[in-house]
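Presented below is the structure to which this report refers.
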Amino acid sequence: MTLTEQILSQLPGDALGGLRRTDDLWRSLREDTLPVATIVRESDGWLETVEWDVVICGGTLGILIGTALVQKGWRIALLESKTLKGREQEWNISRKELQVFVELKLLTEDELEKAISTEFNPVRVSFLGGSDVFAKDVLNIGVDPVFLLEILKQKFLKTGGELFEETPFEEVTIHPNGVCLQGRFTARIMLDAMGHFSPVVRQARHGQKPDAVCLVVGSCATGFPANNSGDLIVSFTPLQHQCQYFWEAFPARDGRTTYLFTYLDAHPDRFTLETLFEEYLRLLPDYQNVELSHLQFQRALFGFFPCYRDSPLQLKWDRILPVGDSSGSQSPLSFGGFGAMVRHLERLTAGIDEALETDSLDQNELGLLQPYQPNLAVTWLFQRAMSAGINQTIEPNQINQLLAIVFDEMQQLGDPVLKPFLQDVVQFVPLFQTLINTGVRHPGIIFKIIPQVGILTLLDWMRHAVNLAGYSVFYQLGRLLEPWVKNLLPIQQYYWHRWIDAWKYGSGGDYES
């Protein structure tokens, strides 16, 4: 019996079976055998009645946008395939980002504090052969999903929202005046909050293989030495199995959470999640300086997160808008989920509210709510530099060496450069300060990286980098013109606000220190 079988078989909830079912999905993705169902259809016939303004599919994170919209006075229906409740494992985020819940009046200050289960400082960034980099107040808050989702659920219902639990999404038909789900739920638009593996997204992408994948395994356990700091990204081994292993660790309410993750492609020869879990258990004692026999495992964590260069996703249908992980609005370096949803919550709430007010609900108008963002596109070069092809030959410690140099340069440039990047926000000036310093002081590592990432990837990155500079300029100019926007017609204001949002988020202008 392997270590993975031994430990996971003792955990509640059939953890070992869950890991193997997830592995079956990962295998189907690698072998390109996942079926593509036609669940989105179009009809020329008009609906006789439209009961809701918005129907949201996917309640775990859909409840966030659902509660925000119902408080705007819209008729909202929320469909959840199971019972709407949070998981036991905390969501990590920065305190500043959580203020959006108060600003949108989703939570009071007291309720927000109750939703925070852990807080710790500092977080560490470290790579084999390099120096430790520390930052404070970055992803150092653990939010209790059980409390947060329950209080939002009650506010959603109290304000007039309608929740349909144990109601999985099956199909949707798009009509000229609305959408109809399951032949039962009619609304003006549908929001797809069903995550990375949404069947709507799979049909929209025609079953396309992802351009990159992040594999993640981990656990929450007690028995670790006392430690009230976190690791944001740490690597202490060279390339193994054609993968660079990265680690995270955070204090949790009921122990300590540790993750092992790696970036790779979906080549058929890539290893399984169960293999990665075995690697996690093999290396965990060295990583946390603890014997496995001293740990009491509470739960196991595992999954994989696909990323597509063609993101955020622009649907070819009217009246459907992907939000959260369905939209692909996170960079290929992040896992998406709660943090990505919260980052865009204010923008999406205002944009959907305005789209409903102006009846801007066709594919082009809703597409403005998921615009091209060059600050996400440039991170594809970093993702590629942090991974190796299945048959690619690079020096075993090349990735660690590059990352150690880059983060050392960012630390020397200070928090205005380091902190946004650690929160998955790339801005033009900090990016080029870092790259120029790295190129001047360490030209050798640059010449090693070019063959690894490839000339075409580098040229594509340059195009997005130029756009990043342009978006930064457009956003500043757009802000100067804001006083005149109120004189425009409502539909013109809708377009202008979406352009401003695109420039703002696409340049990292949404980040506030």
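The values are calculated or read from the model by the stated rules, or taken from the named source; none is laboratory data. As the structure is a computational prediction, the values presented were derived from the model and not from experiment. Using ideal geometry, Cβ is built from the backbone for each residue, glycine included, and neighbour counts are taken over all protein chains shown.
Numerical summary
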quantity: Hits in the range 183-204 (condition: more than 17 Å from residue 336 (Cβ to Cβ) and of a type outside the set (A, V, I, L, M, F, W, C)); calculated: 183, 184, 186, 188, 199, 203
quantity: Qualifying residue in the range 296-310 (condition: in a helix (DSSP H, G or I), of a type outside the set (Ser, Thr, Tyr), farther than 25 Å from residue 72 by Cβ and not assigned by TED's automatic domain parsing to the domain that holds residue 73); calculated: no
quantity: Extreme residue, farthest from residue 268 (Cα to Cα), among residues of the range 220-256 that are part of a strand (DSSP E or B) and hydroxyl-bearing (Ser, Thr, Tyr); calculated: 222
quantity: Members of the range 286-312 that are surrounded by fewer than 18 Cβ atoms within 10 Å (Cβ to Cβ), charged (D, E, K, R) and more than 19 Å from the chain's Cα centre (by Cα); calculated: 286, 291
quantity: Leading residue by the ranking (surrounded by the fewest Cβ atoms within 10 Å (Cβ to Cβ)) among those in the range 443-471 that are farther than 27 Å from residue 265 by Cβ and not small (Gly, Ala, Ser); calculated: 443
quantity: Of residues in the range 313-331 being in contact with a Leu (Cβ under 8 Å, 6 or more places away or on another chain) and part of a loop (DSSP other than H, G, I, E, B), the one surrounded by the fewest Cβ atoms within 10 Å (Cβ to Cβ); calculated: 318
quantity: Residue count for the range 98-119, restricted to those that are out of contact with any Pro (no Cβ under 6 Å at 6 or more places or on another chain) and farther than 25 Å from residue 57 by Cβ; calculated: 14
quantity: Only one of 381, 403 that is surrounded by 21 or more Cβ atoms within 10 Å (Cβ to Cβ) and either in contact with a helix residue (DSSP H, G or I) (Cβ under 9 Å, 6 or more places away or on another chain) or at pLDDT 95 or above (or both); calculated: 403
quantity: Positions within the range 177-219 being closer than 25 Å to residue 333 by Cβ, part of a strand (DSSP E or B) and among the polar types (S, T, N, Q), in sequence order; calculated: 219
quantity: Matching option when the condition is at pLDDT 95 or above, crowded, with 19+ Cβ neighbours inside 10 Å and either more than 30 Å from residue 180 (Cα to Cα) or touching a Gly at 6+ places or on another chain (Cβ under 6 Å) (or both), among 283, 260; calculated: 260
quantity: Some residue of the range 140-156 being free of Cβ contacts under 8 Å to residues at least 60 places away in the same chain and part of a strand (DSSP E or B); calculated: yes
quantity: In the range 257-290, the residues that are of a type in the set (Lys, Arg) and farther than 21 Å from residue 230 by Cα; calculated: 270
quantity: Single residue of 433, 423, 412 found to be outside the structural domain of residue 236 (by TED's automatic domain parsing) and modelled with pLDDT under 95; calculated: 423
quantity: Hits in the range 103-135 (condition: among the small types (Gly, Ala, Ser) and not in a strand (DSSP E or B)); calculated: 115, 129, 130, 131
quantity: Of all residues making up the range 154-174, the number that are buried (at least 18 other Cβ atoms within 10 Å of the Cβ) and over 12 Å from residue 66 (Cβ atoms); calculated: 5
quantity: Helices (runs of 4 or more DSSP H) within the range 404-470 that include 1 or more residues within 22 Å of residue 505 (Cβ to Cβ) and of a type in the set (Val, Ile, Thr); calculated: 415-422, 428-441
quantity: Hey, residue 177 modelled with pLDDT of 95 or more and touching a Lys or Arg at 6+ places or on another chain (Cβ under 6 Å) or not; calculated: no
quantity: Qualifying residue in the range 355-367 (condition: under 20 Å from the mean Cα position of the chain (by Cα), within 23 Å of residue 214 (Cβ to Cβ) and in the same structural domain as residue 98 (by TED's automatic domain parsing)); calculated: no
quantity: Residue that is modelled with the lowest pLDDT [pool: residues in the range 332-363 that are of a type in the set (Gly, Ala, Ser), closer than 25 Å to residue 217 by Cα and in contact with a Phe, Trp or Tyr (Cβ under 8 Å, 6 or more places away or on another chain)]; calculated: 336
quantity: Condition met for residue 350 (surrounded by fewer than 19 Cβ atoms within 10 Å (Cβ to Cβ) and either under 17 Å from residue 201 (Cβ atoms) or assigned by TED's automatic domain parsing to the domain that holds residue 194 (or both)); calculated: yes
quantity: Scope the range 392-419; condition farther than 14 Å from residue 445 by Cβ and touching a residue at least 24 places away in the same chain (Cβ under 8 Å); matching residues; calculated: 392, 396, 410, 411, 412, 413, 415, 416, 418, 419
quantity: Filtered residue count, the range 1-49, keeping only those that are free of Cβ contacts under 8 Å to residues at least 60 places away in the same chain, charged (D, E, K, R) and in a loop (DSSP other than H, G, I, E, B); calculated: 2
quantity: Those strands (runs of 3 or more DSSP E) lying entirely in the range 50-102 with at least 3 residues closer than 23 Å to residue 112 by Cα; calculated: 91-93
